[in-house]
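Only one structure is covered here, and it is reproduced in the block below.
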Amino acid sequence: MSHPLEELRASAMTDIAAAADEQALEAVRVRYLGRNGSISAWSDEMRTMSKEERPIVGKLLNEARNAVTAALAESAERLRASKEAVALSNIDVSLPATPVEFGGLHPLTQMLDRAIAIFRRMGFALAEGPDVETEWYCFDALNTAPDHPARNEQDTFYLPDGRLLRTHTSTVQIRTMQSAPPPIRVIAPGSAYRRDEVDATHSAQFHQIEGLYVDDDVSVADLKGALEFFLRELFGSDTEIRFRPHYFPFTEPSFEIDVKSKALKSGEKWLEVAGCGMVHPAVFEEVNRARGDDAYDPEKYSGFAFGLGMDRLAMILFDIPDIRLFAQNDLRFLRQFA
Ligand code: DAH
């Protein structure tokens with residue numbers, strides 16, 4: 001004759017097989033394995049048994065518990081699967097699908113992606129810096145005189161603690177050189193802020209890509225080559241490019257770059273797209289002072305730097321008439337680029 005535990009186990013199996021849904025299955029579990037379940041009861045019973053009997057019953061009890069637990073899990077999974085199969089069989093595959101709405105990238109993001117892709121091919125790595133900066137990063141380290149108009153409160157957003165919203169991404173030049181010795185070849189895309197009167201071509205927040213290349217033999221020819229390559233990749237190979245002498249405190253010599261292309265809506269007009277130049281020795285010297293070494297020895301190293309206006313490039317490339325459109329979140333505008 002079989003042990004009562006084996007009989008319990010067999011009847012649990014029969015009940016599990018008969019349980020038609022999750023509730024019925026749970027009731028079976030409680031009946032056998034719950035705190036007052038009939039299999040569980042044998043745990044208490046064992047305490048009254050003799051030393052000889054205990055291991056035999058203990059083994060039977062374990063086996064019964066494991067087998068019933070496994071059968072419960074298997075049955076639960078079977079019930080779940082069949083419920084799902086029923087649910088699926090009720091789906092009418094001939095019904096029209098819910099339309100999937102595809103988003104699109106903002107035109108400035110598209111512009112940025114294109115620009116970054118071109119510079120990457122020239123070996124430029126990405127660098128970044130914070131939007132909230134100190135005067136030192138924004139002006140002093142960039143050889144900007146204490147009375148330079150850009151520092152004026154009318155041109156710059158100052159925070160109460162004296163810090164400011166960077167007026168250009170040139171700050172990242174300094175941060176990059178502080179953190180690593182030459183050679184350096186980086187671009188730094190990001191926002192810049194000025195207290196400009198907002199109109200079709202001015203915005204209090206705009207976007208730039210800063211570039212910096214420092215090595216032991218960098219010349220104006222390298223600067224011209226790199227930026228001409230970039231602009232022709234962007235605007236087309238027959239784009240005309242003009243370097244005009246200009247002044248920036250942090251470069252010497254300095255230039256502004258204009259482009260002209262028949263392929264563009266602007267046609268015969270020269271359009272200013274960038275500022276650039278050869279890194280001023282005073283910038284290297286201030287970086288060395290901050291680093292406490294001579295890593296950027298102006299006798300040994302030279303470099304070029306440039307700043308490109310992303311909003312402006314996007315406006316030229318996509319023929320966008322008003323910079324304010326970028327921030328107005330008007331779907332009629334944005335959908336044209338999706
Ligand atoms: N920071 C300048 C601006 O915002 C642009 C610029 C000019 C950046 C010359 C440069 C540079 O790195 O060499 O107008």
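The values are calculated or read from the model by the stated rules, or taken from the named source; none is laboratory data. Fair warning: this is a prediction, and the values are worked out from it, not measured in the lab. Every residue, glycine as well, gets a Cβ built from its backbone with ideal geometry; the counts of neighbours run over all protein chains shown. Heads up: the accessible areas ignore ligands, DNA and RNA and are worked out on the full protein's heavy atoms, side chains in. Shrake-Rupley method; radii C 1.70, N 1.55, O 1.52, S 1.80 Å.
What to note about this one:
- Filtered residue count, the range 312-329, keeping only those that are over 26 Å from V220 (Cα atoms) and within 16 Å of the ligand (Cβ to nearest atom): 1
- V279 meets the conditions (1) open to solvent by less than 30 Å² (accessible area, probe 1.4 Å); (2) more than 10 Å from the ligand (Cβ to nearest atom) in every case but one. The failed one is (2).
- Close pairs (7 angstrom Cβ cut-off, 6 or more residues apart or separate chains): open to solvent by less than 30 Å² (accessible area, probe 1.4 Å) in the range 304-328, of a type in the set (D, E) anywhere: F304/D222; G307/E210; I323/D311; F326/D311
- Helices (runs of 4 or more DSSP H) lying entirely in the range 4-109 (those with 1 or more residues that are open to solvent by 100 Å² or more (accessible area, probe 1.4 Å)): 22-33, 41-47, 53-89
- Among the residues listed as A188, A226, the single one being within 13 Å of the ligand (Cβ to nearest atom), outside any strand (DSSP E or B) and in contact (Cβ under 8 Å) with a residue 24 or more places away in the chain: A226
So that you can scan it fast, the table gives a plain yes or no per residue for (1) open to solvent by less than 30 Å² (accessible area, probe 1.4 Å); (2) part of a loop (DSSP other than H, G, I, E, B); (3) among the small types (G, A, S); (4) in the same structural domain as F326 (by TED's automatic domain parsing):
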residue: A115; (1), (2), (3), (4): yes, no, yes, yes
residue: G129; (1), (2), (3), (4): yes, yes, yes, yes
residue: Y137; (1), (2), (3), (4): no, no, no, yes
residue: A141; (1), (2), (3), (4): yes, no, yes, yes
residue: T169; (1), (2), (3), (4): yes, yes, no, yes
residue: Q178; (1), (2), (3), (4): no, no, no, yes
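- Residue in the range 263-275 that is free of Cβ contacts under 8 Å to residues at least 12 places away in the same chain and either open to solvent by 40 Å² or more (accessible area, probe 1.4 Å) or within 11 Å of the ligand (Cβ to nearest atom) (or both) present: yes
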